[in-house]
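To start, the structure itself, in structure tokens.
The values are calculated or read from the model by the stated rules, or taken from the named source; none is laboratory data. Being a predicted model, the structure only gives us computed values, none of them experimental. Positions of Cβ are backbone-derived with ideal geometry, glycine not excepted, and every protein chain shown enters the neighbour counts.
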Amino acid sequence: MPLFYDTLGALSFMERLERNFITADRWRLLLDGLGTTLQVSFMAVILGIVLGVLLAFMRLSKARPLSFLSGAYIDIIRGTPLVVQLMIFYFVLLGPTTKLDKAIIAAIAFGCNSGAYVAEIVRGGILSVDHGQEEAGLSLGLTRAMTMQYIVLPQAFKNILPSLGNELIVLIKETSILGYIGVVDLARAGEQIRARTLDAFLPLIAVAVVYYVLVKFLSFLLLRLERRLRESDQR
Amino acid sequence: MISVEGLHKSFGELEVLRGVHTRVERGEKVVVIGPSGGGKSTFLRCLNLLEIPTSGAVLFDGIDITARNCNKPAIRRRMGMTFQHFNLFPHLTVMENMTLAPKKLGLMGKAEAAQEARELLERVGLPDKANEYPGRLSGGQKQRIAIVRSLMMKPEVMLFDEPTSSLDPEMVGEVLEVMKRLALQGMTMIVVTHEIGFAREVGDRVLFMDEGRILEEGPPDQIFSDPRQPRTRDFLNKVL
């Protein structure tokens, strides 16, 4: 049954709800989209953190080439729009050359992007730990690696947790451009419903609410983790 | 035990140590005094390789520890060090601060390390602080913990880098007390300090350092009552 803009006004709110979310199980579109968003975000976050830590260590390394390489990478990623990076990964780098799933390619693109930002956060975190901490560890006879692992990194992690949490939240919301390469994530699912029902308000608001609740939940978890790590700060 | 020969250290253009020679015997208590910027701390930090000397040698039990192939962690295990700002690990409890290194280096088991830590805490009068975080301790308590944390490694020599300089005056005594007792037990100690009283009481020998050299050295009585160098006299007039 075709539906035109001017007929929308004649529908009651309940009828619009039904048309947008119940008819043809349209809520499933949103649910599947949310699943895709979560999957891609999760993979990207893991990759972003691993890559970020690696890049941070390279950047802080005394070996000039490593430091330069890491700096150049961060510079390029930060200097170009994410949407362009995503399309380069899909249409130029990985799409034509591999059989990887679109969502996987997208996760790699988001992870590579996030890694650059995480690297700067981690580097700042390591530098924020007083140099005396490292010296105390070394003077006890611990190796450099042990001092990093048991003394510097735990303190750095505590210092950067808020920024890291922020990066995580930004990343999740940034995956809403997945539609550019034809992956149906939460945002694109809302678009599809809008295209079919010609109702902009409800699908977009629904999508916004789901993102908001997701971010709210994550913020809550992060705050709890932060509080637990701050136990040693009681004075 | 420690023999220092022609030690030089530069930070870029700045030459901080300009040829330091001295020997420290086992069991000896050496106190290093002198004006700020004279190279005292840098000298101490070269001894356990927190600073790498630009040239010269440090022989520890006959081993040249400035050699490139020297195992730095192994050398540092035999030398304890305490710092002006204590440098306790704020994310770990007092007990964890003390047991981390011996446990991670496989020198002690968990129970043994905890037992040793409790005994040391008892000795410095802080047995009830084992599960406290450093943030809740006073400066004097922190420094006492820092000293016993070093002692957990059973070092052969202890280096003290201005251990009382950042303490409130009323807390200086409790830290010096711990150091005096350590001296009585026969520990080899090298102490950079401005505490002239402590130097007189505990020191076997006093080194006066200025402009990157040891300008004068001798027994505390001689240095403090009859300094030979005008620069030493000047300095002592200012601090005494």
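Quick one: which of A:L142, A:L138 is more than 30 Å from A:A187 (Cα to Cα), modelled with pLDDT of 95 or more and not in a helix (DSSP H, G or I)?
Step by step, each of A:L142, A:L138 is checked, and only A:L142 is more than 30 Å from A:A187 (Cα to Cα), modelled with pLDDT of 95 or more and not in a helix (DSSP H, G or I).
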**Message:** Being crowded, with 16+ Cβ neighbours inside 10 Å, on the phi < 0 side of the Ramachandran plot, assigned to a loop (DSSP other than H, G, I, E, B) and not acidic (D, E) is the requirement here; does A:G115 meet it?
**Reply:** no
**Fill in**
Restricted to the range B:178-211 and to residues being surrounded by fewer than 18 Cβ atoms within 10 Å (Cβ to Cβ) and of a type in the set (D, E, K, R), the residue nearest to B:S41 (Cα to Cα) is B:E211
**Asked** Is one or more of the residues making up the range B:18-26 farther than 24 Å from B:A183 by Cβ, without any contact (Cβ under 8 Å) to a residue 40 or more places away in the chain, more than 14 Å from chain A (Cβ to nearest Cβ) and not polar (S, T, N, Q)?
**Response** no
**Asked** Could we say that B:L107 is assigned to a loop (DSSP other than H, G, I, E, B) and of a type in the set (A, V, I, L, M) here?
**Response** yes
**Item:** Set B:R45, B:R23: member being buried (at least 17 other Cβ atoms within 10 Å of the Cβ), among the charged types (D, E, K, R) and not in a loop (DSSP other than H, G, I, E, B)
**Value:** B:R45
**Asked** Would you say B:L121 is buried (at least 19 other Cβ atoms within 10 Å of the Cβ) and modelled with pLDDT under 95?
**Response** no
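Rundown of residues vs (1) of a type in the set (F, W, Y); (2) within 14 Å of another protein chain (Cβ to nearest Cβ); (3) surrounded by 14 or more Cβ atoms within 10 Å (Cβ to Cβ); (4) at positive phi, yes/no style:
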site	(1), (2), (3), (4)
A:G190	no, no, yes, no
A:I193	no, no, yes, no
A:F201	yes, no, no, no
A:F220	yes, no, no, no
A:R227	no, no, no, no
A:R230	no, yes, no, no
**Message:** If B:T99 satisfies all but one of (1) part of a helix (DSSP H, G or I); (2) of a type outside the set (A, V, I, L, M, F, W, C); (3) touching a His at 6+ places or on another chain (Cβ under 7 Å), what's the number of the condition it fails?
**Reply:** (3)
**Asked** Can you tell me which of A:L31, A:L69, A:L55 is free of Cβ contacts under 8 Å to residues at least 60 places away in the same chain, out of contact with any Cys (no Cβ under 7 Å at 6 or more places or on another chain) and over 29 Å from A:G190 (Cβ atoms)?
**Response** A:L69
**Fill in**
Filtering the range B:53-89 for residues that are touching a residue at least 40 places away in the same chain (Cβ under 8 Å) and under 23 Å from B:V32 (Cα atoms) leaves a count of 20
**Message:** Being touching a strand residue (DSSP E or B) at 6+ places or on another chain (Cβ under 6 Å) and within 14 Å of chain A (Cβ to nearest Cβ) is the filter here; which residues of the range B:32-45 pass it?
**Reply:** B:S41, B:T42, B:L44
**Request:** Among what's in the range A:193-207 and is among the small types (G, A, S) and part of a helix (DSSP H, G or I), pick the residue that is nearest to the chain's Cα centre (by Cα).
**Result:** A:A206
**Prompt:** Among the listed residues A:T80, A:T98, which satisfies the condition of being over 28 Å from A:K158 (Cβ atoms), of a type outside the set (D, E, K, R) and over 20 Å from the mean Cα position of the chain (by Cα)?
**Reply:** A:T98
**Message:** Can you go through A:I105, A:I121, A:I160 and tell me which one is more than 19 Å from A:R59 (Cα to Cα) and in contact with a Gly (Cβ under 9 Å, 6 or more places away or on another chain)?
**Reply:** A:I105
**Message:** I'd like to verify a number: residues in the range B:124-138 that are in contact (Cβ under 8 Å) with a residue 40 or more places away in the chain, part of a helix (DSSP H, G or I) and farther than 17 Å from B:H91 by Cα, how many?
**Reply:** 0
**Fill in**
Out of (1) modelled with pLDDT under 95; (2) under 18 Å from the mean Cα position of the chain (by Cα), the one B:T66 does not meet is (2)
**Request:** For B:R136, state whether it is more than 9 Å from every other protein chain (Cβ to nearest Cβ), more than 17 Å from A:I151 (Cβ to Cβ), surrounded by fewer than 17 Cβ atoms within 10 Å (Cβ to Cβ) and not acidic (D, E).
**Result:** no
**Message:** Quick test for you: out of B:L50, B:L107, B:L92, pick the one residue that is over 30 Å from B:E25 (Cβ atoms), within 11 Å of chain A (Cβ to nearest Cβ) and among the hydrophobic types (A, V, I, L, M, F, W, C).
**Reply:** B:L92
**Request:** Please go through the range A:130-144 and pick out each residue that is over 14 Å from A:L60 (Cβ atoms) and either more than 9 Å from chain B (Cβ to nearest Cβ) or more than 30 Å from the chain's Cα centre (by Cα) (or both).
**Result:** A:G132, A:Q133, A:E135, A:A136, A:G137, A:L138, A:S139, A:L140, A:G141, A:L142, A:T143
**Message:** Residue under question is B:N97, and the condition is that it be within 14 Å of chain A (Cβ to nearest Cβ), in contact (Cβ under 8 Å) with a residue 12 or more places away in the chain and more than 30 Å from B:E201 (Cα to Cα); does it hold?
**Reply:** yes
**Message:** Here is a list: A:Y150, A:Y117. Which entry is modelled with pLDDT of 95 or more and closer than 19 Å to A:V50 by Cβ?
**Reply:** A:Y117
**Request:** Give me the pairs, please: first residue somewhere in the range A:164-192 and part of a helix (DSSP H, G or I), second residue anywhere and polar (S, T, N, Q), beta-carbon distance under 6 Å, and either six or more positions apart or on two chains.
**Result:** A:L171/A:S114; A:I172/A:S41; A:T175/A:T37; A:T175/A:S41; A:L186/A:T37; A:A187/A:S176
**Prompt:** Hey, among A:E120, A:E134, which residue is under 27 Å from B:T82 (Cα atoms), acidic (D, E) and surrounded by fewer than 21 Cβ atoms within 10 Å (Cβ to Cβ)?
**Reply:** A:E134
